[in-house]
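Undergrad: So that we are looking at the same thing, I have put the structure below in structure tokens.
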Amino acid sequence: MSAMPIPTDSLGALNVFVQAAETRSFTVTGRQLGVSPSAVGKAIARLEDRLGVRLFHRSTRAITLTPEGQMFLERCRRVLSEMAAAEAELAQTRTRPAGQLRVSLPRVGMLMMPTLSAFMRAWPEIALDLDFSDRLVDVIEEGFDAVIRTGAPTDSRLMTRRLGTSRFRIVGAPAYFERHGMPRSVSDLTRHRCLHHRYPSTGKLEPWHIDGVPDSALPRTAITSAIEPLLDMAEHGQGIACLPDFAVRAHCADGRLVALFDTAVTGTAEFRIYWPSSRHMSPKLRVFVDFMAGTLFADEPKG
């Protein structure tokens with residue numbers, strides 16, 4: 001066998017060390033790498049000189065790790081594992097994203113359907129399996145690829161990315177204002193038909209966050225545990241609602257709803273996407289996360 005030199009770069013030396021530590025033999029390691037046992041020994045010696053410690057006890061029959069060598073071995077394994085994961089991740093970026101993507105969204109996510117439909121047009125080879133629920137799901141145990149929710153992360157097993165922050169807007173239909181009059185100040189809302197959302201998880205009403213008007217002063221004409229009925233009631237002139245901007249943006253743009261007192265509403269909701277922590281994201285999940293982060297709240301203020 002030729003005395004072919006071993007790469008002297010750090011990663012090459014670490015790979016030689018790990019293989020020698022696992023085989024406990026310079027001869028076997030040399031055979032695996034296609035070099036002579038002496039080349040392996042010299043590579044280990046150079047590494048020891050650079051580190052200033054002895055990594056192996058050597059005898060005529062075997063090599064064994066020193067305590068410093070055992071500690072170094074665990075570090076090297078992690079480094080090489082991360083490198084392998086990085087290479088796998090880069091390789092996946094060359095693969096066309098495809099397959100089923102199972103995503104859990106809050107019930108308000110039904111109002112994200114224009115964005116989700118746009119994603120389906122952009123990535124037709126990805127099949128979305130969407131679950132709309134306000135319950136607390138176990139992303140890993142229930143087999144979801146990703147979950148979209150509001151609020152701060154609480155599960156250390158999950159990776160997360162902020163999608164955006166949506167402000168709230170007070171809206172009503174032109175037909176409603178024709179019948180009941182247009183409020184001239186925020187205090188006038190206390191004399192109007194107000195439509196409220198109740199959090200299913202806590203039973204509490206979602207606050208309107210209006211400067212100068214306590215939520216307790218707002219009439220409770222209707223209360224629902226989902227956003228969609230509030231939007232429908234507001235659009236059909238049944239009252240005034242406080243809804244996320246992404247849910248009413250199109251309605252306000254085409255005149256189906258009219259927004260009031262935008263500067264007085266201070267409430268916001270931060271949406272995040274979560275996925276199981278792993279060494280790399282699948283291509284289909286990566287493009288979904290990037291698309292939602294770049295599109296869903298593209299017109300929202302970045303607070």
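The values are calculated or read from the model by the stated rules, or taken from the named source; none is laboratory data. This structure is a prediction, so every number in the text was calculated from the model and none was measured. Virtual Cβ from ideal backbone geometry, glycine too; neighbours counted across all protein chains shown.
Undergrad: Limited to the stretch 233-281, what total is found for residues that are among the acidic types (Asp, Glu) and over 30 Å from the mean Cα position of the chain (by Cα)?
TA: Residues that pass the stated criteria total 2.
Yes/no matrix, rows are residues, columns are (1) part of a loop (DSSP other than H, G, I, E, B); (2) crowded, with 18+ Cβ neighbours inside 10 Å:
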{"residue": "ARG149", "(1), (2)": "no, yes"}
{"residue": "GLY164", "(1), (2)": "no, yes"}
{"residue": "VAL171", "(1), (2)": "no, yes"}
{"residue": "GLU178", "(1), (2)": "no, no"}
{"residue": "ARG184", "(1), (2)": "yes, no"}
{"residue": "ASP188", "(1), (2)": "no, no"}
{"residue": "PRO207", "(1), (2)": "yes, no"}
{"residue": "SER216", "(1), (2)": "no, no"}
{"residue": "PRO219", "(1), (2)": "yes, no"}
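Undergrad: Sticking with this one: Checking VAL186 against (1) in contact with a helix residue (DSSP H, G or I) (Cβ under 8 Å, 6 or more places away or on another chain); (2) assigned by TED's automatic domain parsing to the domain that holds VAL108: exactly one of these is not met. Which one?
TA: (2)
Undergrad: I would also like to ask the following. Could you please give the count of residues in the stretch 28-82 that are under 14 Å from GLY12 (Cα atoms) and in contact with a Ser or Thr (Cβ under 6 Å, 6 or more places away or on another chain)?
TA: 3
Undergrad: Here is a list: ASP138, ASP131, ASP155. Which entry is of a type in the set (Asp, Glu) and assigned to a strand (DSSP E or B)?
TA: ASP131
Undergrad: Looking at the stretch 31-78, which of its residues are in contact (Cβ under 8 Å) with a residue 40 or more places away in the chain and touching a strand residue (DSSP E or B) at 6+ places or on another chain (Cβ under 7 Å)?
TA: ILE63, THR64, LEU65, GLY69, LEU73
Undergrad: Confirm whether GLY237 is without any contact (Cβ under 8 Å) to a residue 24 or more places away in the chain and either within 30 Å of VAL137 (Cα to Cα) or not assigned by TED's automatic domain parsing to the domain that holds LEU136 (or both).
TA: No, not satisfied.
Undergrad: Please count how many residues of the stretch 247-279 are in contact with a Pro (Cβ under 9 Å, 6 or more places away or on another chain), in a helix (DSSP H, G or I) and buried (at least 16 other Cβ atoms within 10 Å of the Cβ).
TA: Looking only at that region, the number is 0.
Undergrad: If I filter the stretch 74-129 down to residues being acidic (Asp, Glu) and at pLDDT below 80, which single residue comes out as surrounded by the most Cβ atoms within 10 Å (Cβ to Cβ)?
TA: GLU89
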